[in-house]
1. Within the range 55-74, track down each residue that is away from the ligand (no atom under 11 Å from the Cβ) and crowded, with 20+ Cβ neighbours inside 10 Å.
2. When you look at residue 126, is it closer than 29 Å to residue 26 by Cα, within 8 Å of the ligand (Cβ to nearest atom) and modelled with pLDDT of 95 or more, yes or no?
3. Could you tell me whether any residue of the range 39-47 is away from the ligand (no atom under 14 Å from the Cβ), in contact (Cβ under 8 Å) with a residue 40 or more places away in the chain, basic (Lys, Arg) and not in a helix (DSSP H, G or I)?
4. Pairs needed: first member in the range 69-98, farther than 11 Å from residue 118 by Cα and without any contact (Cβ under 8 Å) to a residue 60 or more places away in the chain; second member anywhere, more than 15 Å from the ligand (Cβ to nearest atom) and assigned to a strand (DSSP E or B); C-beta distance under 6 Å; at least 6 residues apart or different chains.
5. Looking only at the range 27-52, which residues are among the basic types (Lys, Arg) and over 20 Å from residue 115 (Cβ atoms)?
6. Restricting the range 84-116 to residues that are touching a Leu at 6+ places or on another chain (Cβ under 7 Å) and either among the hydroxyl-bearing types (Ser, Thr, Tyr) or at pLDDT below 95 (or both), which is farthest from the ligand (Cβ to nearest atom)?
7. Please work out if residue 133 is crowded, with 20+ Cβ neighbours inside 10 Å, within 15 Å of the ligand (Cβ to nearest atom), without any contact (Cβ under 8 Å) to a residue 24 or more places away in the chain and within 20 Å of residue 64 (Cα to Cα).
Amino acid sequence: MITTLRTETESDYRAVEELTREAFWNLYVPGCDEHYLAHILRDHPDFIKEFDFVVECSGKVIGNIMYTRSYVENEKGEKTETATFGPVSVLPGYQRNGVGAMLIRHTVRLAREKGYPAVIIYGDPHNYCKHGFKNGKDYNISSNDGSFPLGLLVLELKKGFFEGHSWKFYNSPAYEFDKAAAEEFDKRFDPKVKGHKPSQDLFSMQCRAHL
Ligand SMILES: CC(C)(COP(=O)(O)OP(=O)(O)OC[C@H]1O[C@@H](n2cnc3c(N)ncnc32)[C@H](O)[C@@H]1OP(=O)(O)O)[C@@H](O)C(=O)NCCC(=O)NCCS
């Protein structure tokens, strides 16, 4: 499979939203709203435009990754900007060919070059441990409520940066969007049936699991 990695342009927006919807549909909850998230993220002040990439295969956009600015704050009130990705999506049918890895590896390299001390995300550890992510607890980085969710994952880019402090992670408010607006947005796409998949039960357990 020959693929090209490049910056997302405005003419990719619809294709990216469609592939995001296909990738997430019924995976974690019945239906999905990540395509709406992709739609609104690009205009959000926390959006990191220079980390917004697509992968193309034979002229078709098959993968995308988007980042926002987030931050961590330590017990002294010292804040540091971090980078957070999501959504990251690969069109079903093109998955398990290294496209997701390509998007993650490339943007992590850019984040390192930009001087970010870490990429911090909420995600399924299965997808990210292979890229070097560890749980927040390993760096004493909790969610902003002080807990250590299973899915709070940290890729340290500056070795030892977090040592000697306790930190709280603050995700961008961009991810707290209006669910009704997401439902309304979905009407712009071909109808799809919402349903149950076992992966939703796994996700529900993971969301409640803490270290
Ligand atoms: C998560 C996601 C982005 C990963 O994209 P991807 O392109 O499938 O990722 P990769 O191909 O790099 O890796 C996936 C698996 O394929 C394997 N793989 C990669 N290239 C392969 C190849 N040529 N032959 C066989 N297996 C291969 C990887 O080792 C990995 O295996 P593992 O899951 O057992 O560890 C994609 O599955 C997706 O869009 N999922 C739905 C949306 C989602 O969940 N997003 C993340 C939210 S947390």
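The values are calculated or read from the model by the stated rules, or taken from the named source; none is laboratory data. Everything numeric in this text was worked out from a predicted model, so none of it was measured. When we count neighbours, we look across all protein chains shown, and the Cβ atoms used for this are built from the backbone with ideal geometry, even at glycine.
1. Listed by number, the residues that qualify are 61, 66, 67, 68, 70, 72.
2. Details: closer than 29 Å to residue 26 by Cα: yes; within 8 Å of the ligand (Cβ to nearest atom): yes; modelled with pLDDT of 95 or more: yes.
Yes: the conditions hold for residue 126.
3. Scanning the range 39-47, I find no residue that is away from the ligand (no atom under 14 Å from the Cβ), in contact (Cβ under 8 Å) with a residue 40 or more places away in the chain, basic (Lys, Arg) and not in a helix (DSSP H, G or I), so the answer is no.
4. 79/71; 79/73
5. Quick first cut of the range 27-52, residues among the basic types (Lys, Arg) only: 42, 49.
Residue satisfying the conditions is 42 alone.
6. Per the criteria, the residue is 116.
7. yes
Residues checked against (1) closer than 23 Å to residue 47 by Cβ; (2) polar (S, T, N, Q):
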position: 113; (1), (2): yes, no
position: 120; (1), (2): yes, no
position: 127; (1), (2): yes, yes
position: 135; (1), (2): no, yes
position: 142; (1), (2): no, yes
position: 162; (1), (2): no, no
position: 170; (1), (2): yes, no
